[in-house]
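Asker: Right, I'll just put the structure down here and ask away after.
Derivation of every value follows stated rules applied to the coordinates shown; laboratory data play no part. Not measured: the values here are computed from a predicted model. Cβ placement follows ideal geometry from the backbone for every residue including glycine, while neighbour counts extend to all protein chains displayed.
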Amino acid sequence: MTKVSGKVIWLTGASSGIGEALAHRLSEINLKLIISARRKDELERVKSECSSGLADIKILPLDLEDHTQLRSKVEEATSLFGPIDILINNAGLSQRDLIINTTSEVDRKLMEVNYFGTIALSKFLLPQMIERKSGHHVIVTSAVGIVNTPFRSAYGASKHALHGFYDVLRAEHHKDNIKVSLILPGYIKTNISYNALMGDGNPQNKMDTAQNKGMSADKCARLIVKAIESNKQEAYIAGAKEKLGIYLKRFWPKAASIAIRKLSVT
């Protein structure tokens, strides 16, 4: 028995990477799980691979960039098992290019998916959570949400924006017993860098060196579930270097600025 047993959980970005690993981890627990991503066939695959677990799983295809459908998708999600207890906003898109090479269209796409689509789900779920005096918003952001590095300008900006929004949601709705957990992964070995957009909007199609050496998605998922159960306001799921960067930025910003200039990142 865990603290999320029996809960209704909606997980976005569940078809790959951290989201897929989270689906597998949560499927081992007796709960009700809705998994979302753009590709229905990949969601079916993940559900099939999780079929031996204890969770009752349903799929709900979702494109965060299509804002016209998000309210109806929230209504559909709620109709599957009843009110959502925990929303895990994990879906997102990354970027790899210099600012000078990155078009405004790419900047906007990152914000539409990572920020506007994400907060829309939370805002549409908020009234029912306020009424029930219960709910938990879990947002998988990134260590770059605190300390950003070159080649990730739009990505880091979208993650910074999430921190600003959800810090306020936590403050405004503390009286309603609504919880907010910001999850900050560092380098996790997933395909996020393959799908990251270059400045012209095309995918990078290669693995970052640091990403390739990162923490496994399975370990990351276990630590995320632990953070949710502990109601962590911020959880740094990262290696020593990424954590050092976060603390440098917070307590010695000038030193962090110098260190970031010297980083060799891909």
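Asker: Output the pairs from Lys133/Lys219; Lys73/Lys206; Lys133/Lys243; Lys189/Lys262; Lys47/Lys189; Lys7/Lys133 with a Cα-Cα distance over 26 Å in this structure; if there are none, say none.
Answerer: Values: Lys133/Lys219 32 Å; Lys73/Lys206 33 Å; Lys133/Lys243 34 Å; Lys189/Lys262 23 Å; Lys47/Lys189 22 Å; Lys7/Lys133 15 Å.
Over 26 Å Cα-Cα: Lys133/Lys219; Lys73/Lys206; Lys133/Lys243.
Asker: Nearest 5 percent is fine: what portion of the DSSP beta bridges confined to the stretch 8-261 is antiparallel? Could you put the intermediate results ahead of the total?
Answerer: Values: 1 of 31 bridges.
Counting only bridges with both partners in the stretch 8-261, antiparallel ones make up about 5 percent.
Asker: Projected onto the charge dipole of the chain (+1 at Lys/Arg Cβ, -1 at Asp/Glu Cβ, origin at the Cα centre), which of Ala235, His24, Phe151 gives the Cα projection farthest towards the positive end?
Answerer: Toward the positive end, the furthest listed residue is Ala235.
Asker: How far apart, in nanometres, would the label points at Asn205 and Arg261 be if each is projected 7 angstrom from Cα along the Cα-to-Cβ direction?
Answerer: Going by the 7 Å Cα→Cβ label model, 3.6 nm.
Asker: Using a Förster distance of 25 angstrom, determine the FRET efficiency expected from the C-beta separation of Arg170 and Glu65, and round it to 0.05. Display every interim value, and only then the final one.
Answerer: Details: r = 26 Å, r/R0 = 1.04.
The pair Arg170/Glu65 has a calculated efficiency of 0.45.
Asker: Continuing with the same structure: Across the stretch 29-34, in residue order, what do the Karplus-derived ³J(HN,Hα) couplings come to in whole Hz, using 6.51 cos²θ - 1.76 cosθ + 1.60 with θ = phi - 60° and x for Gly and Pro?
Answerer: 10, 6, 8, 10, 10, 10
Asker: Follow-up. If you count, for each residue, the other Cβ atoms within 10 Å and average over each peptide, how do 26-37, 247-258, 156-167, 70-81 line up from highest to lowest? If you can, show how the numbers build up before the last one.
Answerer: Values: 26-37: 22.6, 247-258: 12.8, 156-167: 19.5, 70-81: 16.2.
Ranking, from highest mean packing down: 26-37, 156-167, 70-81, 247-258.
Asker: Could you tell me the distance between the Cα centroids of the stretch 67-132 and the stretch 139-208, to the nearest Å?
Answerer: 12
Asker: Something else about it: For Ser79 paired with Leu98, estimate the spin-label separation in nm (one decimal), with each label point 7 Å from Cα along the Cα-to-Cβ line.
Answerer: Between Ser79 and Leu98, the label points sit 5.1 nm apart.
Asker: Ranked highest first by average number of other Cβ atoms within 10 Å, how do 42-55, 142-155 line up?
Answerer: Details: 42-55: 15.9, 142-155: 22.4.
Descending packing order for the listed peptides: 142-155, 42-55.
Asker: Let me ask you something else. Compute the angle between helix 240-251 and the longest alpha-carbon principal axis of the chain, please, reported from 0 to 90 degrees and rounded to the nearest 10.
Answerer: Value to nearest ten degrees: 80.
Asker: From the backbone phi of the stretch 8-23, what are the Karplus-calculated ³J(HN,Hα) couplings (6.51 cos²θ - 1.76 cosθ + 1.60, θ = phi - 60°) in whole Hz, Gly and Pro given as x?
Answerer: 9, 10, 10, 10, 9, x, 8, 8, 6, x, 4, x, 5, 5, 5, 4
Asker: Using r as the Cβ-Cβ distance of Tyr247 and Glu131, and R0 as 30 Å, what FRET efficiency do you calculate, to the nearest 0.05? Don't skip to the answer; put the middle values down first.
Answerer: Details: r = 39 Å, r/R0 = 1.31.
It comes to 0.15.
Asker: Taking R0 as 25 Å, what FRET efficiency do you get between Arg222 and Asp56 from their Cβ-Cβ distance, rounded to the nearest 0.05?
Answerer: 0.75
Asker: Subtracting the Cα-Cα distance from 0.36 nm times the residue separation, let me have the gained length for Arg39 to Glu229 in nm, one decimal.
Answerer: Working: separation 190, 0.36 × 190 = 68.40 nm, distance 2.89 nm.
Between Arg39 and Glu229, full extension yields 65.5 nm more.
Asker: Next up: Rounded to the nearest 500, what is the 222 nm mean residue ellipticity of the chain from helices alone, with -39500 (n - 2.57) per DSSP H run of 4+ residues and division by all residues? Write out the running numbers ahead of the final one.
Answerer: On the way: 11 runs with 118 residues, N = 266.
Rounded to the nearest 500, it is -13500 deg cm²/dmol.
Asker: What ³J(HN,Hα) values, in whole Hz, does the Karplus curve 6.51 cos²θ - 1.76 cosθ + 1.60 give for the stretch 252-261 when θ = phi - 60°, with x put for Gly and Pro?
Answerer: Going residue by residue, I get 9, x, 5, 4, 4, 4, 5, 5, 5, 4 Hz, with x marking Gly and Pro.
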